[in-house]
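For reference, the structure is listed below as structure tokens.
What follows draws every value from the coordinates through simple rules; no lab data is involved. As the structure is a prediction and not an experimental result, all values here were calculated from the model. Because the Cβ atoms are built from the backbone with ideal geometry, glycine has one as well, and the counts that use them run over all protein chains shown.
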Amino acid sequence: MPDATTYGLFVAAALALLLVPGPAVFYVIARGIEGGRPAGLVSCLGIEAGTLLHAAFAAVGLSAIVASSATAFAVVKWLGAAYLVYLGLRKLFGSDEGDEPVEVAREPLGRVFVQGVFVQVLNPKVALFFLAFLPQFVDPSRGPVWAQILLLGATLGAIGFFTDGLYALLGGTAGGWLKRRGTGLRRTGRYLSGSVYLALGAASAATGSGKD
């Protein structure tokens, strides 16, 4: 299992990333606006179920990489750090993507949950993020990689439900205000998330040689 310091850093990094408004946040806000607090919270459950599936996929893939070559795993970590830096630069200097409001139709809660799962699972950017982010906190010498990845993924899902749930409640309570402020929130979120990605990628690159 990851040591206490590494796990604490992961929790801090995950919290910083998840608090910044992103696609999942605006999806659950839209659900909260349209269907109220219950729909927003159920959509969060769906999103985090998709997060756990991504963690399982990453656990299988990264375990296979470690089994084949420790050097290959080190390469994955370096590429992951580079990808995080790329995401940060793209967020900071790119255009305001997706400034248009997220529109969703009112649906039964069961369908809202399933759609939340698909929103997360079928997003290839989320899969790439998992392969870039989670390996930075994995140390093959401290136990099975799959177990470490599942622990980190479950932690990410739990934190994500808390942070996304706050936004879902906001969506259900202040739908009209959030609709009007959506563009400003996206722009602020773009700069904040870009800074977090850059810091995480730079820190991973700086400490990577010491971990491998």
**OP:** Compute the distance in nm between two label points, each set 7 Å from the Cα along the Cα-to-Cβ direction, one at L109 and one at A154.
**Re:** 2.5
Subject >> Net length gained if the chain between L15 and F118 were fully extended (0.36 nm per residue, minus Cα distance) >> reply: 34.8 nm
**OP:** Give, in nm to one decimal, the length gained when the segment between T5 and L79 is fully stretched (0.36 nm per residue of separation minus the Cα-Cα distance).
**Re:** 24.3 nm
